[in-house]
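FYI, it's all coordinate maths here, none of it is from the lab. Here the structure is a predicted model, which means the values were calculated and not measured. We place every Cβ from the backbone using ideal geometry, glycine too, and count neighbours over all the protein chains shown.
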Amino acid sequence: MPEKGLQDVHEFLSSPRKILIASHRNPDGDALGSSLALARYCQLRGHSVTVAVPSAYPANFDWLPGIKDVLIFDDQEEEVVEKINDAELFVYLDFNHVSRIDKMGEPMAEKDTPVLLIDHHLEPDLSHEYYYVDSTASSTADLLFDVLTRWENTNYLKDELISTCLYTGIITDTGTFAHNTNSRLFGKVSNLLESSIDHIAIQNRINNSLTEKQLRLLGYCLYHRFTLIPEQKTGIIYLNKADYSKFEIERGDTEGIVNNILKINNIKIAAFFTQQPTIVKLSLRSVEDYNVADLARKYYNGGGHKNAAGGSHYKGLKSALELFKKVLPEFVKQHTNE
Ligand code: 5GP
Ligand code: MN
């Protein structure tokens, strides 16, 4: 597992420091859970800590301990920049390169503040002073568990707030233990449950928290916007601009729609295209060895993980869909032969 300087960071944290924790745009349960777990740990150790993300978090994470203190660059740029300028350590969680956090990354990249990177995406930026990365790990929360255990044994994992946040990250990124799990992960989860967190309630808050509008939108997508290509074991859903205004779709309303495609027997690849005001966003999911991060990187200026990736297209929805259908047979053939 690539790592560098974890012990040095621990020593650095032996006196009170100003720390800025940053995570990615459209933060999910892993981005938020790992950031808030680390923030809580830092607070308990007497540090002054800020969590900042480029854009707003979904409303269904409102309950996460400490979330009200998270700064959102899109809305609070000045405050975030002030914290960036003050910080003695940046911690990058759940993204692989500073370019992934857009404009928020610019003032950070200009500073020579040391960086600790903890991440499970492919191709992490290993130019930083400190890192702990593993693209086979279930989640960043999973990796943060290792780091905290390395620093403190399991002492801090007994803290209910830290455990709640780490559990949230793991649940989010494994689809509640449906993928990316292994015996080591279950060992860690067993440890987290010892802190008497309400794990069933957390699962419900994450998995059963749709609004009526979101569930009806899912129904619409499956009925009107869904194409199956059985020969390529692939399903495609798209939403166009008119759909966005008809359903008054907001950020977060489309979260998770793509995963439903994989519920069909023998379907291995799922694609979800959304026509945004200026670009088309693509979300990809897969099972087995269909490495959709390859496809996202090669054709859609994107990336991600083997089984969950995304990217963008700049020539409209029709063109984005046509490109996908064009490159799909070759992609499937390549990954079947591996
Ligand atoms: P989602 O489909 O949930 O937006 O993203 C799934 C995964 O793909 C995430 O881990 C995310 O990091 C990655 N991803 C999504 N969009 C992009 C993109 O435009 N560029 C890169 N490099 N990765 C992306
Ligand atoms: Mn993650």
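Structure summary
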read-out: Potential extension, ASP86-THR136 segment - 0.36 nm per residue separation minus Cα distance; value: 14.6 nm
read-out: Check: the chain dipole with +1 on Lys, Arg Cβ and -1 on Asp, Glu Cβ, in debye; value: 1400
read-out: Value of Rg/Rh across the range 37-135 [Cα atoms, Kirkwood radius]; value: 0.94
read-out: Residues THR172, THR154, sorted so that the one with the fewest Cβ neighbours within 10 Å comes first; value: THR154, THR172
read-out: Contact order normalised by residue count of the range 212-337, Cα under 8 Å, 6+ apart, percent; value: 18
read-out: Segment GLU11-GLU78, extension gain: residue separation times 0.36 nm, minus the distance between their alpha carbons; value: 21.0 nm
read-out: Subset of LYS68/LYS315; LYS103/LYS298; LYS263/LYS318 violating a 31 Å alpha-carbon distance limit; value: LYS68/LYS315
read-out: Residue (of ILE264, THR254, GLN334) at the positive-pole extreme of the range 212-337, dipole from beta-carbon charges; value: GLN334
read-out: Signed unit charges on C-beta, dipole axis of the chain, positive-most listed residue GLY46, CYS221, ASN291; value: CYS221
read-out: Where labels lie 7 Å past Cα in the beta-carbon direction, separation of ILE249 and LEU210 in nm; value: 1.4
read-out: Cut-off of 10 Å, at most 14 other beta carbons, DSSP loop: longest stretch of the chain lacking such trypsin sites (Lys or Arg not before Pro); value: 112-250
read-out: Label point distance in nm, GLU322-LEU228, each placed 7 Å from Cα along Cα→Cβ; value: 2.7
read-out: Under Karplus coefficients 6.51, -1.76 and 1.60, residue-wise ³J(HN,Hα) of the range 282-296 in Hz, glycine/proline x; value: 10, 10, 10, 9, 8, 10, 6, 8, 6, 7, 6, 4, 4, 5, 4
read-out: The range 1-77 and the range 264-323: distance between their alpha carbon centers, rounded to Å; value: 29
read-out: Kirkwood-based shape ratio for the chain, expressed as Rg/Rh from alpha carbons; value: 0.96
read-out: Leading residue at positive end of dipole, the chain (Cβ point charges), from GLY316, PHE73, PRO2; value: GLY316
read-out: Computed lengthening from ALA56 to ASP69, 0.36 nm per intervening residue step minus Cα-Cα distance; value: 3.5 nm
read-out: Angstrom value of the Kirkwood radius, inverse mean 1/r, which spans all Cα pairs in the range 228-338; value: 14.0
read-out: All aspartates and glutamates inside 19 Å of LYS83 as judged from Cα atoms, apart from same-chain residues fewer than 8 positions distant; value: ASP69, ASP74, ASP75, ASP102, GLU106, GLU110, ASP112
read-out: Cα Rg, Dmax, the range 1-70, angstrom units; value: 13.1, 37
read-out: Compactness relative to 2.2 N^0.38 Å, alpha carbon Rg of the range 177-291; value: 1.27
